[in-house]
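All of the numbers you see were taken from the coordinates with simple rules; none came from a lab. Note that this is a predicted model, so its numbers are computed, not measured. Cβ atoms come from the backbone with ideal geometry, glycine included; neighbour counts cover every protein chain shown.
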Amino acid sequence: MAASVSELLLTILEKLNNKEMERFNWELCNSNLKDFPNISKAHLENVTRHATVDRMVETYCDEGAVNVTIMILSNMNRNKLAMSLKRDLPEEESTQKKRREEGKSVSGRPEDDLRSDLTRLEEKLEKCINARESYNSMTQHTKDQEVDTTRRIREEFVKLHQFLREEEDARLAALREEEKEKGMLIEKGMDSIDEQISSLTNAIKAVKEDLNKGSENFLVNYKQRRAQLDLPDPQLVSGALIDIAKHLGNLQFQVWEQMQAIVKHSPIILDPNTAPSTMTLSDDLTSVRHTAVEKQHFPDNPERFTRWAKVIGSTGFMKGSEHSWEVEVGDQPEWNLGVAAESVDRKGEDLLASPEYGIWAILKRGRKYTNGAGKTLTLKRIPQRIRVQLNYDRGEVAFYDPKDNTHIYTHKHRFTETVYPYISVWKMKDAINRDIHICPSEVSVTVKSNQ
């Protein structure tokens, strides 16, 4: 009976190509197989189809191996193959199922069931040990993240503090300069008044002397003194005080306006917890490069892509009609840009940038552009930037060359879950610029009148 089931399973697996067989083994190791445990990856690396069948029968027994195979074939959309397996099952299989439901040994030998249970327990233990190691790795990684993030925060505030100090110094210097100018203006006015005071004092003294002397020239001198009475009264110069309102009015707002020169806003922030060890993100999390080799060790957290150089944004979208961002790709020879579903398989060996796998993107390979689903895209020139426009409500992801707003391609899909901005970049090759960069948004400060 066991040999019959094994031969049948082997016949089914031989109908899968090599890539499908890799997917089948991956499902055995990673997928949710309901009541059946996953098989350790170490037992399925570089094995033949015959070895896979033997491992399944050893782990699940005959009936379980059949059920797991049908389950995985359904996951792979090989339903016809699954149906043929059900159709070709020997009649004794139903007897085994009945005996299993009655709690009896399928093989008739209790020691075989014990061996199967032991194998399952050992595999569960191995998974627990691996999970514990992952948690240990995460613990150390969070400590490293705290140190590195602290450094980056301080560096950003150093820039802000430096800007504010320079702005403060400039404004205090302007205040001192105005105080100096106003002082000179007042001094000039005072000099003019002093001259008038001296002239009038002398005139008063002379008039008094003439009156006391009774001089014959009194009338002649009187006419001269009289002319000084016609001089205008002294006037204080206007604008001699410091313009306090100019220096203090809306001071914080004015400084905020000036900060536009150093403050940038990125419409997309990349999530470093999703990037594999072969990708490096900039300190401000707006650009990414492929390092070609593992530069650092990252924990295998659930969010991280581990087999492919892919990274997604830190914020996803699940509604809205106007989400847009531009990406500077330069002459980078190979990349993917678009959006990815939250449920995208981040650990899978066979993860293509196509709608079938939950990724809506355009791909560049050398001078060839495709839509990820096999369609070649014709572009009149090689764009240096790509604009991605997501209309979640209408189910559209559109791509444009922002230089002249040329439309490149539009994916259409009815989204039912959160989607995230997605970037994949390959080895640098002959590219001059090594980074793919999220372009900053245009920032402006506006004041709304209350009228």
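Within the shell defined by Cβ-Cβ distances under 11 Å, the residues around residue 287 carry a net charge of -2, with Lys and Arg each +1 and Asp and Glu each -1. Kirkwood hydrodynamic radius of the stretch 281-384, from the reciprocal of the average inverse Cα-Cα distance over all distinct pairs: 15.5 Å. In terms of its alpha-carbon gyration tensor, the stretch 29-77 comes out rounded; the largest-to-smallest axis ratio a/c stays below the 1.5 threshold. Can you tell me the 0 to 90 degree angle between the C-alpha axis of helix 49-75 and the longest principal axis of the chain, rounded to 10? In the chain, helix 49-75 runs at an angle near 60 degrees to the longest axis.
How much net charge surrounds residue 307 when only the other residues with a Cβ under 12 Å from the Cβ of residue 307 are counted, with Lys and Arg +1 and Asp and Glu -1? Computed value for this residue: -1. Approximating the spin labels as points 7 Å out from Cα along Cα→Cβ, the residue 384-to-residue 403 distance works out to 0.8 nm. Taking 20 °C and 1.002 mPa s as conditions, the chain diffuses translationally at an estimated 72 µm²/s according to Stokes-Einstein applied to its Kirkwood radius (Cα pairs).
Each Lys and Arg Cβ is given +1 and each Asp and Glu Cβ -1; about its Cα centre, the stretch 340-451 then shows a dipole of about 540 debye.
In degrees, nearest 10, range 0 to 90: what is the angle between the Cα axis of helix 218-229 and the longest Cα principal axis of the chain? Its long axis makes an angle of about 10 degrees.
Placing unit charges on the Cβ atoms of the charged side chains and taking the dipole of the chain about its Cα centre, the candidate lying farthest along the positive direction among 68, 150, 183 is 68. Under the convention that each Lys and Arg Cβ holds +1 and each Asp and Glu Cβ holds -1, the size of the dipole of the stretch 292-366 around its Cα centre is about 100 debye. Sorting 357-369, 39-51, 161-173 by average packing, meaning the other beta carbons within 10 Å per residue, from highest down gives 357-369, 39-51, 161-173.
Only Lys, Arg, Asp and Glu carry charge here, each on its Cβ (+1 for the first two, -1 for the last two); on that basis the chain has a dipole of about 1080 debye about its Cα centre.
The long axis of helix 18-30 is offset from the longest Cα principal axis of the chain by roughly 80 degrees. If you wrap the tightest convex hull around every Cα atom of the stretch 367-451 and split its volume per residue, you get 188 Å³.
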